Amino acid sequence: MRKMPFFPFLLLRRLLAGLSLALLATAGTAKTPAVTDDMAQRMQACVVCHGKEGRATNQGYFPRIAGKPAGYLYEQLVNFREGRRSNATMAYLVDHMSDAYLREIADYFAGLDLPYPPPQTTGAPAAMLARGEQLVRHGDPQRDIPACAQCHGAAMTGVNPGMPGLLGLPRDYLLAQFGAWRTGQRRAVAPDCMGGIARSLTPQDVTAAATWLSSQPVGAGPAPAGALPAKLPLACGSGAK
């Protein structure tokens, strides 16, 4: 078999070595893209569950946090940190965060004004929707159950500074939160009004309310109302919802 001439082999080695050096030099002089240190960048961990910029889709379990009242978001972050809400991931994320930084996070997401997806629930039975609307708008006076609208606002888009809107949330999420209130997995600083309300509702009531809420469209720019009414149906503790 004919041997390869020594000279071409040596030349090939030198060419490869030169190419490697050139690539290393280029890599050394290439600029690393700068990472902006702002809240949008810092909140990328939230995007994994809550969707882009806190705008969760209506098909998922996780709630939308964009546009919620800042006071409400802050109280929930504190509740996760202090164990009044049960979620291992959230507790881990906020465990060592200061009150000041939690307020900064809350203010960031409260300031986002993003469009809502179409309603998740369609084709629900008319009787169930009627019962759900009754509970949401008027409550059940015979059983001393207040209307959701009395605290969450007539438009159900929340009330500043601490009451969240209930529209645009996944049905499964709403059902899970009612269950958490009923069993004490979610609670608030006393007096815990939502816990009492949830325990007063029947499973059929809970299903009807969650079904009606998740079937309602949300218009553009549904900002929370300016303030709670002077007299609430119940005296609720801080972070009650």
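Among the numbered conditions (1) closer than 23 Å to H138 by Cβ; (2) aliphatic (A, V, I, L, M); (3) modelled with pLDDT under 90; (4) crowded, with 18+ Cβ neighbours inside 10 Å, the only one that L232 does not meet is (4). Just to be sure, is G153 touching a strand residue (DSSP E or B) at 6+ places or on another chain (Cβ under 6 Å), over 19 Å from A106 (Cα atoms) and surrounded by 20 or more Cβ atoms within 10 Å (Cβ to Cβ)? Taking the combined requirement at face value, the residue satisfies it.
Meeting the requirement of 2 or more residues that are farther than 22 Å from A70 by Cβ and among the small types (G, A, S), the helices (runs of 4 or more DSSP H) wholly within the stretch 107-225 are 126-137, 171-183, 193-200, 203-213. Scanning the stretch 143-177 for residues that are polar (S, T, N, Q) and either under 16 Å from P217 (Cα atoms) or modelled with pLDDT of 95 or more (or both) gives a single hit, T157. The set of residues in the stretch 47-78 being out of contact with any helix residue (DSSP H, G or I) (no Cβ under 6 Å at 6 or more places or on another chain), surrounded by 15 or more Cβ atoms within 10 Å (Cβ to Cβ) and outside any loop (DSSP other than H, G, I, E, B) consists of C49, H50, E53, G71, Y72, E75, Q76, V78.
Please tell me if G67 is touching a strand residue (DSSP E or B) at 6+ places or on another chain (Cβ under 9 Å) and closer than 25 Å to A210 by Cα. Considered against the rule, which asks whether it is touching a strand residue (DSSP E or B) at 6+ places or on another chain (Cβ under 9 Å) and closer than 25 Å to A210 by Cα, G67 comes out as yes.
Table: residues versus (1) surrounded by fewer than 19 Cβ atoms within 10 Å (Cβ to Cβ); (2) in contact with a Ser or Thr (Cβ under 7 Å, 6 or more places away or on another chain); (3) over 14 Å from R84 (Cα atoms).
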{"residue": "D140", "(1), (2), (3)": "yes, no, yes"}
{"residue": "C148", "(1), (2), (3)": "no, no, yes"}
{"residue": "P161", "(1), (2), (3)": "yes, no, yes"}
{"residue": "L166", "(1), (2), (3)": "no, no, yes"}
{"residue": "P170", "(1), (2), (3)": "no, yes, yes"}
{"residue": "F178", "(1), (2), (3)": "no, no, yes"}
{"residue": "T183", "(1), (2), (3)": "yes, no, no"}
{"residue": "P191", "(1), (2), (3)": "yes, no, no"}
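Scan the stretch 79-91 for residues that are in contact (Cβ under 8 Å) with a residue 60 or more places away in the chain and either in a loop (DSSP other than H, G, I, E, B) or polar (S, T, N, Q) (or both) and report the count. Qualifying residue count for the region: 3. Output yes when any residue across the stretch 119-138 is within 20 Å of the chain's Cα centre (by Cα), within 22 Å of V159 (Cα to Cα) and not aliphatic (A, V, I, L, M), and no when none is. There is at least one residue in the stretch 119-138 that is within 20 Å of the chain's Cα centre (by Cα), within 22 Å of V159 (Cα to Cα) and not aliphatic (A, V, I, L, M).
The values are calculated or read from the model by the stated rules, or taken from the named source; none is laboratory data. Computed from a prediction, not measured in an experiment: that's the story for all the values here. Methodologically, a virtual Cβ is constructed for each residue, glycine included, from the backbone with ideal geometry; neighbour enumeration extends over all protein chains shown.
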